[in-house]
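What follows is a short report on a single structure.
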Amino acid sequence: MISSAKASPETLAARRRRAADALGLQDEVLVIAAGEPVGIPGGMDQTYPFLAHSEYFWLTDRDEPGGVLAYDPKDGWTDFVPPVTEKERIWEGRTDTEPDTVPVQELAAWLAARRGRAVVGLGAPLPPGGANGAAQAECRERFTHARRPKDETELARMREAIKATAAGYRQLGEAIRPGRTERQIQVELESGFFRAGADRTCYGTIVGTGPNAAVFHFRPGAREAKEGELVLVDAGAELRRYGCDVTRTYAASGSFTGIQKDLFDIVRRAEERAVEACAPGAETVDIHFGSCRDLVEGLIELDILRGSVDAIIEREAHLLFYPHGVGHMIGLGVRDASGAFPGRPKRTEPALKNQRTDFPLEPGYVMTIEPGIYFVPALLNDPGRRKRYPDCVNWEKATSLIGLGGIRLEDNVLVTKDGRENLTAGIPKGPAA
Ligand SMILES: [Mn+2]
């Protein structure tokens with residue numbers, strides 16, 4: 001069964017080879033730390049749940065607090081772990097230390113034997129004196145790039161996580177009704193995830209009713225969905241550190257009314273087109289701007305934006321209604337291996353500030369695609385922005401829509417040799433019935 005299966009030794013060896021090839025170290029040595037548990041302030045011996053740094057996890061497939069993986073191009077990989085203590089055997093039920101590992105106490109001697117050679121540190125910060133930061137950025141860029149394509153073990157876990165996520169979303173048809181609170185909806189959704197095998201949620205579940213649907217990182221509370229309101233749900237299950245990230249927007253009463261339907265259709269069309277644009281060689285930045293164009297076109301048709309699509313995007317007026325990027329990498333955590341292609345300078349345009357990827361897609365990459373349209377009071381009521389765009393926004397109409405919230409649709413798309421597979425297509429997009 002996948003949920004308990006560890007990555008095979010062959011899979012881990014292949015990942016380590018891929019990393020070593022990508023880094024191309026000559027004389028430098030590499031150390032990748034898992035990190036240490038973080039204590040809860042005032043919590044005595046309580047710590048936050050420990051998750052190893054994703055760079056360490058990818059190469060070891062374990063959440064080992066205090067673990068350090070070291071690499072010397074002259075003699076390969078050494079896997080340092082803290083030996084299991086008696087206290088851990090009693091309180092945590094831990095058993096033997098992993099095979100083929102070395103007590104972490106020996107790391108100092110390993111480093112001392114290589115004194116004078118540059119040390120590159122990846123993963124979590126090392127204890128003082130561990131590594132320098134000079135070559136780190138470049139190595140991290142190359143390492144991140146090397147682990148972008150998902151291997152079979154990773155994809156199997158993601159598909160399981162998506163199955164669990166779909167089970168949770170299936171509960172929403174019953175759960176979303178006028179009078180239900182955001183918390184009630186969250187509980188139904190997450191219970192579906194956990195019943196279907198999730199270890200945890202991939203990130204804090206978002207359930208926003210009415211105006212809360214326009215708050216990107218909203219945390220569900222006691223507010224009840226009202227007749228005629230939108231309900232935005234953004235959530236994903238996680239399994240053995242691999243997750244997904246899915247958004248659907250529903251009508252509390254079962255069907256969209258008035259402009260809600262028009263806005264939903266615009267977002268849906270933009271989302272479908274962005275999914276279709278995912279293919280080997282496609283630039284993530286181009287997919288982002290394609291989604292901007294589709295959304296702006298729709299907003300012009302609704303007489304919310306005015307003027308030409310090009311002029312509006314050039315002036316960045318689309319950021320008033322679509323202030324985030326089209327998507328990010330997903331897999332080992334919710335912001336997996338994003339960033340730029342190695343060596344590419346960082347794009348500085350405001351319109352790309354929240355598009356955190358800049359590379360051509362390759363087979364094995366999994367991207368979220370998640371365009372949306374929102375009516376955010378902090379953007380639409382801002383005097384500076386109103387002054388900057390006196391003519392290309394129908395301010396009266398835009399202002400009247402504050403309170404409607406927002407609409408977003410999000411799928412997770414695997415790039416294949418000939419195109420793409422929408423991994424989350426099985427989670428329906430229609431309004432909850
Ligand atoms: Mn997302």
Checklist line | Length gained when the stretch T85-E314 is fully extended (0.36 nm per residue, less Cα-Cα span) | finding: 76.4 nm
Margin query: Excluding same-chain pairs closer than 8 in sequence, count the lysine pairs in the chain whose Cα atoms lie under 22 Å apart.
Written below: 11
Next item on the list: Count neighbours as other Cβ atoms within 10 Å of each site's Cβ, and list the trypsin sites (Lys or Arg not before Pro) in region 351-393 that are DSSP loop with at most 16 such neighbours.
Entry: K353, R356
Margin query: For a protection proxy built on the mean count of beta-carbon atoms within 10 angstrom, sort 315-322, 415-422 highest first, please.
Written below: 315-322, 415-422
Checklist line | Average Cα contact separation per residue, the chain, under 8 Å, 6 or more apart, as relative contact order % | finding: 15
Next item on the list: Compare the Cα positions of A251, A337, T153 along the charge dipole of the chain (+1 at Cβ of Lys, Arg; -1 at Cβ of Asp, Glu; about the Cα centre) and return the one farthest towards the positive end.
Entry: A251
Next item on the list: Quick one: divide the alpha-carbon radius of gyration of region 150-291 by 2.2 N^0.38 Å and tell me what you get.
Entry: 1.12
Next item on the list: For every helix of n ≥ 4 consecutive DSSP H residues, a contribution of -39,500 (n - 2.57) applies; sum these over the chain, divide by its total residues, and give [θ] at 222 nm rounded to the nearest 500 deg cm²/dmol.
Entry: -9500 deg cm²/dmol
Notebook entry, point to check: If Lys and Arg each add +1 and Asp and Glu each add -1, what is the summed charge of the other residues whose beta carbon sits under 14 Å from the beta carbon of F359?
Noted result: +1
Checklist line | Local electrostatic count at F264 - Lys and Arg +1, Asp and Glu -1, tallied over other residues with Cβ under 13 Å | finding: +2
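When the dipole is taken about the Cα centre of the chain, and only Lys, Arg (+1) and Asp, Glu (-1) are charged at their Cβ, what size is it in debye, to the nearest 20?
Values: 55 positive and 63 negative charges, 107 e Å.
Its charge dipole is roughly 520 debye.
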Next item on the list: List the GluC sites (Glu not before Pro) within region 74-116 that fall in a DSSP loop (any state other than H, G, I, E or B) and whose Cβ has at most 15 other Cβ atoms within 10 Å.
Entry: E92
Check: Just how large is the dipole of region 2-146 about the Cα centre, in debye to the nearest 20, putting +1 at every Lys and Arg Cβ and -1 at every Asp and Glu Cβ?
Finding: 300
Next item on the list: Taking each pair of different alpha-carbon atoms in region 2-146 once, compute 1/r for the pair, average those values, and report the inverse of that mean as the Kirkwood hydrodynamic radius in Å to one decimal.
Entry: 16.2
Margin query: How would region 152-422 be classified by its alpha-carbon gyration tensor: rounded, prolate or oblate, with rounded meaning a/c under 1.5 and the a/b versus b/c comparison settling the rest?
Written below: oblate
Notebook entry, point to check: Taking the mean number of other Cβ atoms within 10 Å as a proxy for protection, how do you rank 392-398, 145-151 from highest to lowest?
Noted result: 145-151, 392-398
Note to self: Could you tell me the center-to-center distance, by alpha carbons, between region 239-258 and region 314-331 in angstrom?
What the structure shows: 19
Item checked: Listed residue (A282, I373, P37) projecting farthest to the positive dipole end of the chain, Cβ model -> I373
Note to self: List the GluC sites (Glu not before Pro) within region 205-285 that DSSP assigns to loop and that have no more than 15 neighbouring Cβ atoms inside 10 Å.
What the structure shows: E227
Next item on the list: Compare the Cα positions of G93, A109, L320 along the charge dipole of the chain (+1 at Cβ of Lys, Arg; -1 at Cβ of Asp, Glu; about the Cα centre) and return the one farthest towards the positive end.
Entry: L320
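Just so you know, all these numbers are worked out from the coordinates, no wet-lab data involved. Not measured: the values here are computed from a predicted model. For neighbour counting, all protein chains shown are included, and Cβ atoms are generated from backbone atoms with ideal geometry for every residue, glycine included.
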